[in-house]
Structure formats: C-alpha cells, structure tokens
Amino acid sequence: MQDSPDLGDRGDAVCVVGAGASGLTALKNLRELGFAVDCYERETSVGGAWNWRHDRSPVYAGAHLISSRPLTEFPDFPMPDTWPDYPHHSQMLEYLERYAKHFGLGEHIWYGMEVTSIVPAGEGRWDVTIKSTGGGTSRVQRYAAVVIANGHNWAPVTPEIPGDFAGQVIHASAYKEPSRLRNRRVLVIGGGNTGCDIAVEAAQHATRVWHSTRRGYWHFPKYLGNRPADQVYHRRAPAWLRDRRLRRTAADLTRWGVAAPDHAPLESHPIVNGLLPHYLGHGRIEAVPDVTRYDGASVELADGRRIEPELVITATGYRPRFDFVAPEVLDIDADGRPDLHLHAFARKHPTLAVVGLVQPNAGLLPLAHWQSVAVARWLRLRATAPEKAAEVQKEESQRPLASWSRRKVVPTQRHWFEVDHVEYLKAVESLLHRMESSK
Amino acid sequence: MSELLRFEDWSDPVPAAEREVVSQLPDDDRGRPPLLFVPGLGHGAWAFAEHWIGHAAGRGFPAHAVNPRPGGDLRAQAHDVVQTAASLPRQAVLIGHGTGSRVVARALGRYPARAAVLIAPVLDGWAALGAALRSNPAGTVPALFGGRLTFSGRQLFGPDLPAEEAAAHLERIGARPRAELFSRDTLPEPVGGPPTLVVGSPDDRVVPRQALDRAAARYGGAPLLFPGMGHYLMLETSWAEPIDAILDWLDKELPPAG
C-alpha cells in the first residue's frame, strides 16, 4: 500500500462538518437545492451537543430547553404540538433524529469520521482531510464548498483562579447528575444559564449552595401567567417596546446581592430561570461575588469573605474552536474569534461558511435553518449566475455591522457572537431577497 | 409577509388538537414516499378511505388521510396537516381535494413536501361560489347567510355514478362554509420547490375549468383532466383512473430507488 493519501475529487459536492442540529439543517437545505453533500461526524450518531451519549455533549440529566417550542423548532419541521412548552433535552435529541430520518439525511452522513484539516485548493475549492476516529489512515477529498457546523458548546472554558484547592473542582461539562451534589457544600461559579440551572439543582440536593457571579445578567422567568414568557416577548413590536416589556418582567436580584445588569435586555443572551429567585428567596442559594483565590480547604471571595465548599462547579461556558482550519481562512483573531459576515460567511472565501455560530435570545435551530438556506442559495447563485453573485457580495459588504451583531455592545470574550433573534433574521431575510431579486 | 419573522406563530402558536388520521400501509415497505390526503369542506377522510387509500397502498404507497380539526380556521387546519406530515417517517406527498387543496397550499409554505397534488382545487372561493350559485342556487343561497350549504347529486357527481350511491354519499356531505373561504389571500411559495400537479374534470360543477387552469398556472403546469367526472373524483364509478394517473405521475417525478 502507498502511504500517500488518495485524493478524491468530489466535483460539485459540498462538505458539511458535523451532524448536530446545525449540520443536519445545512445538509437538508443543501440537498433541497440539489447539491450532493458529504457530511462528516466524529461521533457514531446524530445530535451533536444534544446527544447525551456523546463524550463532548454538555447536557446534564435535568436540562430542559430555555426557549419554548415555537421559538426553538426548525421553521419547516415543527415539533409535535403535544410536547411540553419547554421540552427535555432527550426530546430535542428525538426531534433531531426524526428530522434526519424524515429527510433521509442518514445516507449522506459518514459517522466516526473526523475532519482534521480544511485547506484552500484554488478556484474556491477545498481539500478536506478526513480521519477515522477509530484510528487508521486519513484521506483527502476535494470539495466545491465547505460548511462548518462543528458547534460551540464542547470546548470548556475554565476560569484561572490562583492558589490550590483541597476539594474537588469540575467544569459544568462534567456535571451530569444531581446525585453528585447530594449532601455536599457546593460552590457554583458562573451566572449563565447553566450556572443558574446547576445552582437550582444544588439548592434541591446539596447541604449548602453558594452561587458566584461576576457580571450582572437579565433574569427572566419561564412563564408569565400561564404563557411561556418568550412567546409574550415575541409579539410583533418595535425594539423599544420589546425592551420595555423585558425590563418590566425581569427579576431584580440585587436584593440578594446579585450584580445589576450592565447592558440593555436585548443586548445579551438572557438568563431564563424562574426558580433562581425562588431559591434565593428561600435562602437555599447564597449569592456571592467573584472568586479571587483558592486556599487549601477554603475559597476567597472578592469581598474578602472565605467559604469552605467541598465541590466547586465552574459553569464558565464554552468557546468555539476551529482547529482544522488556518486562522486566516476564517479571519480568526488573537482571542480565537472568527470574523464572518453575518457570523456565517467567510469574508475572503466565498465557498466557505459556518452555520450555527450564533447565540440568539431564542432557539438556535431557526437561525441555523435560515443560515443554511442562505448559504445554499448563495452557493447556487455563485454557480449559476456569478455576475449577480458578485453584485450581491458587493451590496452585502456595505451592510452595517451594528444591524445584525451585538459584538460592540457587550465586549467580553464570551458574548461576541450574540445576536438578537429578530434583528438577525431581518438581516438574513434581506440577504435572501437580494439573491432572489437578482435571479 | 415575512417568511422568516413569524410573530403570530411565535407569540400565539396553534394549540394542540385531536386529529383523526386514517391509514393504510402497503404489505412490504418499498421506500415509497407516504401520501397524505387532505379532505375539503363537507367531507372527511372517509371519502379517500372509500377507494383511493387502499388502492394507493396496493401500489406500494403508505397512504394516510387526515381530518383537520373541526371548526378550525385555515391556519389551524394547515397546522394540522403540517403536524401530521411531520409525524410520518418520511417526507410526505400532500394531496388536497376541493378546499382541502387550499389547506394544502398553505401547508406547502410551511413544510417541504416531497410533491403536491391539488385535486379539483378550490383556491379561489369566489369562483366556486359563482359556480355553486349557477348550478344549485337553492342549496347555495342559505349558506350566504350563515346557513348550511346543501348540494345536489347532479352538482357533485358525474352522470355515470348510480343514483343510489350518489344519494348515499350526499347524505354524508354537508358543509357550513367559513367566511374566510372567500378571502383571497396570496398563496405562499411552496418551500423546497416540490413538483406539483393539478387534477380535475372539465365537467366539475363546483370548480370551473378556468379555475383549474389558473391553479395549474400558479404552480407552473397544465391541469390533468378527466372529462365526464364530477367534483368528487374519488367517489365516482371511474375512481381508479385519476388515482392511477396521480400515482403514475409520482412514479415518474419521484422514481423508486434501485
């Protein structure tokens, strides 16, 4: 056998990286426009982050959606209307499996295959190196376009806290079952949705719970009266009215020592947890400030207090990683943030796109769907009417960043890909119209 | 109307409801796309169960007919069709009859059907009303004032159907048309661009020939015509001809694998 990889030219086919929710919708929408597609998935089944069997899945046993069904489902494949307003994560996986089966996506997915490198091969084409996760040789295939849908909730970010801690420290990604919390003193670090969820689970099982947060967030309930709160927030209204609606219904947790938000409600991913104020009010969760250092059995807080938890859970989020591509291809800066048009289109490579790299204030799936529709139509337009495509590209380059990105408003490492669901969809819709009208 | 910004669905989703689905599956699964029949005003899934569903299953197509919720408006009925289609294991072919075609046309904007068939479609309520007034004024006028729409056998069926069979069917057909049937909203662009076929009869006294041509033109084709038949093609003596033609068309548009 030769040890040089065999170069297979896949002609006009498109390569999709990942068969999670975003990869599946990219695959489905590209197929719908007639593209041949090869989708590579490092795991042996679909579902990505939502598949709890996957070793990189961040879901824990008690995780439910934080956006309600109509704001979470794919726009052209509704979840069963008999399902609960906020389905459990296992239902989300079932839904994705049904989506894959319904649209016959399975036969286009190569399981147990990891993409290790994506290199421009000239004329907009790409050499993709694929390696079996079980070991073995890698092969290189050439594609007309690549859509990256590798998710952004699998590479944990751990806070850098000086000193040594005698107890146990785990990242939220390793937290699966509340049994881990039972009869222990627990410190949860991180004020995001996962941090709040785990703090609430700890309040139900642990002996004592501290919840350490740095930034202030907006806290919203899951229900307003008997209506899912996000359905009330998504009545058609101008931004100022939506802002006022949100401010009026948010929980003010400053009484319990939680920091006040430093941004407007629509500017950052909301925290949706009706039980956090409940358990703060019961005294089961004690809000504490930032952790400054570990010192043996104790943890030192920013206000000088020392507490002695047995278990520390750092719910400090995840960061996107694109190890298989050279940073300049996606214009990735020193902090690891790619610079993409609409968080989707590579600026210098018209045949490269990323789907699902957004953090909306509603479900991700609808955005990933419309991103893939836009990517598929863009690739078709480029193939069938290159002059029109160039025209659209020129128009798009003039779209103001502030119209679709929250990037400037909340300048932390974590929040750069946050978008407002409505504003973002408006931007994608106008791109679709531009491509439509140039037919 | 924006396709992307669905404030109505986000803030006021259609609530769940009981939906009656009649199904007949082929003996062996040959991987053919499932058919979902949608009845129109005045009849129910039974009209398809009479002959067509069994015949389609016999030709290898899993066949289903759904009764959208009684009293539901167009949005709720389209929701019921999309929910039923999405619950099937494979991408479905939507087949509407009469006003059911209009429900299907709405559903096509929300669900990428594998293909669509509109049979004697009532897409334009005003044209249908005009035709009904011409052929059966006494049965139609009361409906204009919120009463019941009554039909005559001559109005709904072709001359070949034996009178007693027509009478038996007529007993099960009754309708109280909703006002929104006569609104002329624009039909959504079908998502995923499914192949679409319009089927009808030039002798249909409910859907005039011009309406068939217009419907077919809307979906980019010409109607497939079965002269001599009435509005209820699936209940006529020669019911096999249109369903066989539809299944032949599906075999051509969506060739079986292997």
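I'd like the full set of residues that are within 11 Å of chain A (Cβ to nearest Cβ) and under 23 Å from B:Asp29 (Cα atoms), limited to segment B:83-112. Reasoning before the result, please.
Taking segment B:83-112 as the starting set, the residues that turn out to be within 11 Å of chain A (Cβ to nearest Cβ) are B:83-92, B:107-112.
Scanning segment B:83-112 gives B:Gln83, B:Thr84, B:Ala85, B:Ala86, B:Ser87, B:Leu88, B:Pro89, B:Arg90, B:Gln91, B:Ala92, B:Pro112.
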Point to revise | Residue in segment B:9-19 that is farthest from the other protein chains (Cβ to nearest Cβ), counting only those that are touching a residue at least 24 places away in the same chain (Cβ under 8 Å) and surrounded by 14 or more Cβ atoms within 10 Å (Cβ to Cβ) | key: B:Arg19
Exercise for review: For segment A:146-172, enumerate the residues that are over 30 Å from A:Glu300 (Cβ atoms) and part of a strand (DSSP E or B).
Suggested key: A:Val146, A:Val147, A:Ile148
**Study point:** The listed residue being on the phi > 0 side of the Ramachandran plot and buried (at least 17 other Cβ atoms within 10 Å of the Cβ), out of A:Gly11, A:Gly18, A:Gly34
**Key:** A:Gly18
Point to revise | segment A:346-364, residues that are more than 30 Å from A:Leu246 (Cβ to Cβ) and within 18 Å of the chain's Cα centre (by Cα) | key: A:Ala353
Exercise for review: Return yes when A:Leu241 is in contact with a helix residue (DSSP H, G or I) (Cβ under 8 Å, 6 or more places away or on another chain) and either surrounded by fewer than 16 Cβ atoms within 10 Å (Cβ to Cβ) or in a helix (DSSP H, G or I) (or both) and no when it is not.
Suggested key: no
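A quick yes/no check of all residues on (1) crowded, with 21+ Cβ neighbours inside 10 Å; (2) modelled with pLDDT under 90; (3) outside the structural domain of A:His341 (by TED's automatic domain parsing):
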site: A:Gln371; (1), (2), (3): yes, no, no
site: A:Ala374; (1), (2), (3): yes, no, no
site: A:Leu379; (1), (2), (3): yes, no, no
site: A:Thr384; (1), (2), (3): no, no, no
site: A:Ala389; (1), (2), (3): no, no, no
site: A:Glu396; (1), (2), (3): no, no, no
site: A:Ala402; (1), (2), (3): no, yes, no
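Out of all the residues in segment A:53-93, which are in a loop (DSSP other than H, G, I, E, B), among the aromatic types (Phe, Trp, Tyr) and touching a His at 6+ places or on another chain (Cβ under 7 Å)? Quick ask: steps written out before the conclusion?
Filtering segment A:53-93 down to residues in a loop (DSSP other than H, G, I, E, B) leaves A:53-63, A:65-68, A:72-73, A:75-76, A:78-87.
So of that shortlist, the ones also among the aromatic types (Phe, Trp, Tyr) come out as A:60, A:83, A:86.
Of everything in segment A:53-93, just one residue is in a loop (DSSP other than H, G, I, E, B), among the aromatic types (Phe, Trp, Tyr) and touching a His at 6+ places or on another chain (Cβ under 7 Å), namely A:Tyr86.
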Study note, to complete from the structure: Filtering segment B:216-258 for residues that are farther than 26 Å from B:Ala163 by Cα and of a type in the set (Phe, Trp, Tyr) leaves a count of 2
Review point. When you scan segment A:198-215, how many residues do you find that are farther than 18 Å from A:Lys176 by Cβ and in contact with a Gly (Cβ under 8 Å, 6 or more places away or on another chain)?
Key: 5
Review point. Any chance segment B:247-258 includes a residue that's among the aliphatic types (A, V, I, L, M), closer than 19 Å to B:Ala115 by Cβ and in a loop (DSSP other than H, G, I, E, B)?
Key: yes
Check your understanding: For segment B:202-225, how many residues meet the condition of being over 20 Å from B:Pro190 (Cα atoms), in contact with a strand residue (DSSP E or B) (Cβ under 7 Å, 6 or more places away or on another chain) and surrounded by fewer than 16 Cβ atoms within 10 Å (Cβ to Cβ)?
Key -> 1
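Could you say whether any residue in segment B:83-99 is at pLDDT below 95, in a helix (DSSP H, G or I), out of contact with any Asp or Glu (no Cβ under 9 Å at 6 or more places or on another chain) and on the phi < 0 side of the Ramachandran plot?
Going residue by residue through segment B:83-99, those that are at pLDDT below 95 are B:98-99.
Add one more test, that the residue is in a helix (DSSP H, G or I), and what stays is B:99.
Next, from what is left, pick out any that are out of contact with any Asp or Glu (no Cβ under 9 Å at 6 or more places or on another chain): B:99.
Remaining after also requiring on the phi < 0 side of the Ramachandran plot: B:99.
Yes, the conditions are met somewhere in segment B:83-99.
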Practice item. Could you check, for segment A:79-92, whether at least one of its residues is modelled with pLDDT of 95 or more, touching a Leu at 6+ places or on another chain (Cβ under 6 Å), within 11 Å of another protein chain (Cβ to nearest Cβ) and buried (at least 21 other Cβ atoms within 10 Å of the Cβ)? Key: no
Practice item. Give segment B:20-59 a look and list any residue that's in contact (Cβ under 8 Å) with a residue 60 or more places away in the chain, farther than 15 Å from B:Gly100 by Cα and either surrounded by fewer than 16 Cβ atoms within 10 Å (Cβ to Cβ) or of a type outside the set (Phe, Trp, Tyr) (or both), or say none. Key: B:Arg30, B:Gly31, B:Arg32, B:Pro33, B:Glu50, B:His51, B:His55, B:Ala56, B:Arg59
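Picking from B:Ser23, B:Ser2, which residue would you name as being within 14 Å of chain A (Cβ to nearest Cβ) and not aromatic (Phe, Trp, Tyr)?
Details: B:Ser23 fails: within 14 Å of chain A (Cβ to nearest Cβ).
Exactly one residue qualifies, and that residue is B:Ser2.
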Review point. When A:Asp333 is evaluated against the numbered criteria (1) within 23 Å of A:Leu27 (Cα to Cα); (2) in a loop (DSSP other than H, G, I, E, B), which criterion, by number, is the only one it fails?
Key: (1)
**Study point:** Restricting segment B:101-130 to residues that are of a type in the set (Gly, Ala, Ser) and over 22 Å from B:Gly44 (Cα atoms), the residue that is modelled with the highest pLDDT
**Key:** B:Gly109
Check your understanding: Would you pick out the residues in segment B:128-169 that are more than 19 Å from B:Thr99 (Cβ to Cβ), over 19 Å from the mean Cα position of the chain (by Cα) and of a type in the set (Gly, Ala, Ser)?
Key -> B:Ala138, B:Gly153, B:Ala163, B:Ala166, B:Ala167, B:Ala168
Check your understanding: Is one or more of the residues making up segment B:60-74 more than 13 Å from chain A (Cβ to nearest Cβ), touching a strand residue (DSSP E or B) at 6+ places or on another chain (Cβ under 8 Å), modelled with pLDDT under 95 and not in a loop (DSSP other than H, G, I, E, B)?
Key -> yes
Review point. Only one of (1) without any contact (Cβ under 8 Å) to a residue 24 or more places away in the chain; (2) within 13 Å of chain B (Cβ to nearest Cβ); (3) not hydrophobic (A, V, I, L, M, F, W, C) is not met by A:Pro70, so which one is it?
Key: (1)
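Being hydrophobic (A, V, I, L, M, F, W, C) and closer than 22 Å to A:Asp197 by Cβ, is that true of even one residue in segment A:345-363? Outline the logic, then answer.
Going residue by residue through segment A:345-363, those that are hydrophobic (A, V, I, L, M, F, W, C) are A:345-346, A:352-355, A:357-358, A:362.
Checking which are closer than 22 Å to A:Asp197 by Cβ leaves us with A:358, A:362.
Yes.
The values are calculated or read from the model by the stated rules, or taken from the named source; none is laboratory data. Values in this document were obtained by computation on a predicted structure and should not be read as measured data. Neighbour counts are summed over all protein chains in view; Cβ atoms, including those assigned to glycine, are modelled from backbone coordinates with ideal geometry.
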